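For reference, the structure is listed below as structure tokens.
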Amino acid sequence: GSSMGRSAGEKSPPLPQNENGRKRQRRAQDEKENDQGRKSGIIRRIEMKNFLCHENFTIRLGPNINFIHGQNGSGKSAILAALQVCLGSRASQTKRSTSLKGLIKTGREVATIRVVLKNEGSEAFNPKEFGKSIIVERTLKRTGNGGPIKIKSDTGKLIGKTRAILDDILTHFSIKVNNPCVLLTQDDARALIGTSDPHQKYDFFMRATLFTELWEQLLLIQANIKSAKRVIEVLETRKNGLEERKKVADKKLRDCNHLKQLQNEIHNLRQKLFWSAIVEKEKEKDELEKAIQKLVEKKTLYTEKIEGLEEVDIDGLMEDRGKQIEERNAAVKAFKTKYDALGSTLRSKKTQKKNLLREIAKHKGLIKGAMRTISNCKMEITELRESVPGDGERKRKINELEQIEKELEGLEKRREEKDIELNEYLKTGDTHDREIAKYLGQRQDIERKKRQIKTQLDRLRAGQKSSLARFGKYAVQVNADIKKNARRFKELPRGPLGQFVAIRGKRNEQWTLAIEECFGNILSAYVVDNPNDGRILKGILHKFYGKQIPLVITQRKRDTMYPVRSRCRAPSIYSMINISKDPWVHNVLVDQRSPERVYVMENENQAFDFVRQSGPNCTYTLLRNATKISLKGHSDVLKTQPRRRCSSYLVTDVSRNIRQLE
């Protein structure tokens, strides 16, 4: 009969077309299911250029088992060698060559290997950076050292060139390139299958379990430990001598450093000595330039005044000025005469008071004597009435008693008259005391005004030399001492605060007195950031001013200015001034005096109406002479007279103010 089997060379009959199609579909479905089961770490393809026998070869691998067949020498083992070399193995581990240069195709200078690993699913390695594939590329060159490794993303972007990144990837996917159970070469398979030598099998087991690699590392570590011990022994022998040399060297180094420090100090002192003379000359130059500038400004001012006076009657002006001076001198003489008359009147009143007090004491003594006499007489009368025995003698005694009683009545009347006279004296004394108190009050007011004017004059005269001196007798010295002690402060104090305030425009100079009335003693005050800085600053102020020191305000420093705007249409104090760009000073002045809510008015009636209508948006208003108009209660208006007659802090024409005060 016909044979039921087929020989090795006999081909199987072709299957029907529909049966082949169904098998391909089932195989594709199985591959898809297996591919979905494992998506990370499998090899998608291997590309080789000029590697061993391959000139330009690419192999794409399926997700499961892949069989590669071909004739001897066709390059099957070269694919496995390319995979080993690209994933970091040495050339000797491929058993094809002892160096990477020997793996390059004959007649070529450069070889390139590229392995693409799948990187999908839950076990993907850093998918955000690499994407769905990881590309490992290695280039081999006949010239140069080794073969550099490049690791790229699925888009071809270079991620790194270090062996550490490749090791992390292989460890993550559990790919052990040098483990024969992972990559089994022909030589290793032949040695395992074709030999029965237990030593070779044990060697294969050691390499498969990585014990060989661990043993080599252990031997290397032991060798390194022995070498390190020998080095330590040698270094221990040298240690003592080196320590002695170190001590000598340290001493020399300290001497050299000290010498270098002395040389630097000498150099710095020479520089300071050299520059001190230059600084002094520059200061003198700056002072001269300022003086020249002031003279030029005065010259310009006087030139303008002279040009303005060319058409004016100088003689008439001088005559008017002379009359004004004569009137002022006459007023001064009259005031002096009145002052002298008040002094003489005061002295005479004091003398009269002393005389009255003596008269009062004298009369009080007489009254006391008279009262004692009356009391004695009354006692004698009582005794006589009780002691008289007979009628005749009794009548005579009674007559004497009646006579004595009449005298007593006369003495009583005289006493009453003296009491009336004494009360008159006392009333006169009270009147004199009131007049004296009135005159003393006037004198004290005059003396107080005189002291205020003298203080303002001293401040203005000092301000001619230095604008800072207007805000305090020792303001210049205090600021110099603050700069000298700058390191002691956490934040350098600001002050006097008045130096940061300026009148905005010439048309607002007429309101200078009102502006000074608004800010008051804040213009001469200082501001500090914290209580400790406040204590240091007060110590400096006490050193110059004694007990009466300027105001010190403690307020945290801020780097942003308050957004300030006035809520009424009338001109406010804030709109008439320019405050320094220092946010700290600006915020302190706004917090302390609220200049945006203080307004100026031309007359009292207008100020009264404005205060009543503005409500809480207006703290108070000021007239040109600094009279304060404020609201008391809901509808009552309070008028307060100014504390000073002339401005002394923010003046622009100092000479005019000095003449006015004089």
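Ranked from highest to lowest mean number of other Cβ atoms within 10 Å per residue, what is the order of the peptides 468-474, 619-625?
The peptides rank, most packed first, as 468-474, 619-625.
Rounded to whole Hz and in sequence order, give me ³J(HN,Hα) for the stretch 582-590 from the Karplus expression 6.51 cos²θ - 1.76 cosθ + 1.60, θ = phi - 60°, writing x for Gly and Pro.
Per residue, the Karplus-derived 3J(HN,Hα) values read 5, x, 4, 4, 4, 5, 5, 5, 5 Hz.
Please work out the FRET efficiency for the pair N605 and R507, using the Cβ-Cβ distance as r and a Förster radius of 22 Å; give the result to the nearest 0.05.
0.45
Can you list residues whose amide H is under 5 Å from R45's amide H, if they're 5+ apart or on another chain and H is modeled 1.01 Å from N?
Those lying under 5 Å, H to H, from R45 are L61, V116.
With label points built 7 Å along Cα→Cβ from the Cα atoms of A331 and K538, find their separation and express it in nm.
The two pseudo-label positions are separated by 4.5 nm.
Can you give the net charge of the other residues whose Cβ lies under 10 Å from the Cβ of R114, counting K and R as +1 and D and E as -1?
+3
Could you pull out the pairs from K281/K543; K285/K473; K368/K406; K484/K557; K353/K418; K239/K260 whose alpha carbons sit more than 28 Å apart here?
Result: K281/K543; K239/K260 exceed 28 Å.
If you take every residue apart from P493 with its C-beta less than 9 Å away from the C-beta of P493, what net charge results, scoring Lys and Arg +1 and Asp and Glu -1?
-2
Set the bar at 26 Å for Cα to Cα. Now go through K298/K333; K141/K226; K141/K161; K299/K323; K49/K161 and name every pair that lies beyond it.
K298/K333; K141/K226; K299/K323
What fraction of the DSSP beta bridges in the stretch 459-613 is antiparallel, stated in percent and rounded to the nearest 5?
Approximately 60 percent, going by the DSSP bridge assignments.
Mind checking the full-extension length gain between E289 and S467? Use 0.36 nm per residue of separation minus the Cα-Cα distance, one decimal, nm.
62.4 nm
Using θ = phi - 60° and the Karplus form 6.51 cos²θ - 1.76 cosθ + 1.60, what ³J(HN,Hα) does each residue of the stretch 611-619 get, whole Hz, x for Gly and Pro?
Couplings: 5, 5, 7, 6, x, x, 6, 10, 6 Hz.
Carbon and sulfur atoms: what percent of the 1.4 Å accessible area of the stretch 74-136 do they account for?
About 48 percent, which is the carbon plus sulfur part of the accessible surface.
Could you provide, to the nearest whole Å², the per residue accessible area of the stretch 471-528 with probe 1.4 Å?
47
The values are calculated or read from the model by the stated rules, or taken from the named source; none is laboratory data. Computed from a predicted structure; not experimentally measured. Counting neighbours? That spans all protein chains shown, and the Cβs are built from the backbone with ideal geometry, glycine included. When the accessible area is computed, the model is the full protein with side chains, heavy atoms only, and any ligands, DNA or RNA have been set aside. Shrake-Rupley method; radii C 1.70, N 1.55, O 1.52, S 1.80 Å.
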